[in-house]
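The values are calculated or read from the model by the stated rules, or taken from the named source; none is laboratory data. Nothing here was measured: the structure is a model prediction, and the numbers come from that model. Please note: Cβ atoms are built from the backbone with ideal geometry, for glycine as well, and neighbour counts cover all protein chains shown. Only protein heavy atoms, including side chains, enter the accessible area calculation; ligands, DNA and RNA are left aside. Shrake-Rupley method; radii C 1.70, N 1.55, O 1.52, S 1.80 Å.
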Amino acid sequence: MTNENAQPPMAWRYCGNQIKLWRTRAEISREALADEAGYAAEYVKSMEQGRRKPTVHLLQVADQMCGARGLLKAAEDYLQPDKFPSYSADYLRYEADAIAVSSYQAQLVPGLLQTEAYARHLIESRWPPLDREAIEQRIAFRMERQPLLDKETRTFSFVINEVALRHEVGTRREHEEQLRRLLEACERRNVTLQVLPCKGGASPALFGPFNLLEMPDHDRIAYEEGHLGGVLCADPERVSHIIQRYGQLVQRAMHSEDSAQFIKRLAEE
């Protein structure tokens with residue numbers, strides 16, 4: 001299924017419509033507004049119709065020309081990029097409250113353990129590409145999640161496939177910095193990090209990454225993410241399957257001390 005017929009974001013359409021309403025009320029032509037803002041009239045039309053995101057500059061110019069007294073400029077806050085893709089927003093709300101987080105990653109370092117450079121390379125490599133503003137927002141918000149690890153009454157368990165640790169994302173120096181970040185995480189009392197060796201034949205590791213959350217009421221939630229979206233599940237039977245898979249991965253992974261030594265050797269290579 002494609003999104004070819006998807007509507008532009010509601011915030012774009014609403015803000016564009018407000019610009020048009022204020023402009024019409026002030027009896028200002030679209031051409032006059034476009035000339036004052038330094039845009040083509042067709043470009044302004046696209047923003048008024050919500051087909052393009054209204055720019056902050058246009059909001060400011062329209063606010064002044066139409067005598068909106070800050071009412072149009074206030075729309076700027078609603079045009080900021082979403083913090084996270086819509087399919088992961090619900091998961092992140094639960095993650096913020098979870099008392100225990102367990103994560104298996106097959107190809108990537110978990111977001112809670114990524115350096116800014118690592119996160120930047122991943123987000124910039126998204127396709128179709130994001131605009132620069134969205135990229136910077138996504139990086140900032142990913143970094144904002146990481147203080148969760150400082151809450152020592154919460155526990156974090158990570159199983160990371162050896163493949164993810166050997167794959168260099170960015171320069172060699174940035175790769176080494178990422179490995180050092182993982183070593184720092186290993187030293188936290190509330191964090192357990194284990195490396196899953198590539199060898200070992202068929203295992204649950206081949207079925208992709210997932211996260212498990214334990215909530216304050218001890219309910220469990222599973223989350224799986226792929227190219228086209230993510231699935232958040234609280235069904236006890238299905239969550240139980242993920243819990244059992246994670247148990248198998250923990251058993252197959254190196255002990256936490258051995259994992260730290262393995263990561264240290266990779267960083268020194």
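For region 111-129, give me each residue that is in contact (Cβ under 8 Å) with a residue 24 or more places away in the chain and either outside any helix (DSSP H, G or I) or open to solvent by 80 Å² or more (accessible area, probe 1.4 Å) (or both).
Within region 111-129, Gln114, Thr115, Glu116 meet the criteria.
Out of everything in region 123-176 that is closer than 13 Å to Ala96 by Cα and among the basic types (Lys, Arg), what residue ends up being modelled with the highest pLDDT?
Within region 123-176, the match that is modelled with the highest pLDDT is Arg154.
Is it fair to say Val169 is farther than 18 Å from Leu92 by Cα, open to solvent by less than 70 Å² (accessible area, probe 1.4 Å) and assigned to a loop (DSSP other than H, G, I, E, B)? Before the answer, list the steps.
Numbers: farther than 18 Å from Leu92 by Cα: yes; open to solvent by less than 70 Å² (accessible area, probe 1.4 Å): yes; assigned to a loop (DSSP other than H, G, I, E, B): yes.
Answer is yes for this residue.
Any idea which of Arg180, Arg245, Arg173, Arg188 is of a type in the set (Lys, Arg) and closer than 16 Å to Gln105 by Cβ?
Numbers: Arg180 fails: closer than 16 Å to Gln105 by Cβ; Arg173 fails: closer than 16 Å to Gln105 by Cβ; Arg188 fails: closer than 16 Å to Gln105 by Cβ.
The conditions single out Arg245.
Of all residues in region 234-269, which are farther than 23 Å from Glu95 by Cα, open to solvent by less than 70 Å² (accessible area, probe 1.4 Å) and not hydroxyl-bearing (Ser, Thr, Tyr)?
Answer for region 234-269, where residues must be farther than 23 Å from Glu95 by Cα, open to solvent by less than 70 Å² (accessible area, probe 1.4 Å) and not hydroxyl-bearing (Ser, Thr, Tyr): Ala253, Met254, Ala260, Phe262, Ile263, Leu266, Ala267.
For region 90-99, name all the residues that are open to solvent by less than 20 Å² (accessible area, probe 1.4 Å) and either among the small types (Gly, Ala, Ser) or within 11 Å of the chain's Cα centre (by Cα) (or both). Quick ask: steps written out before the conclusion?
Going through region 90-99, the residues open to solvent by less than 20 Å² (accessible area, probe 1.4 Å) turn out to be 91, 95, 98.
Selection gives Tyr91, Ala98.
If a residue has to be touching a residue at least 40 places away in the same chain (Cβ under 8 Å) and open to solvent by 20 Å² or more (accessible area, probe 1.4 Å) to count, how many in region 172-193 make the cut?
Number satisfying all stated conditions: 8.
Among the residues of region 73-105, count how many are assigned to a helix (DSSP H, G or I) and either over 19 Å from Ile139 (Cβ atoms) or modelled with pLDDT under 90 (or both).
Filtering region 73-105 down to residues assigned to a helix (DSSP H, G or I) leaves 73-79, 86-97.
After this cut, where a residue has to be either over 19 Å from Ile139 (Cβ atoms) or modelled with pLDDT under 90 (or both) as well, the list is 73-79, 86-94, 97.
Matching residues across region 73-105 total 17.
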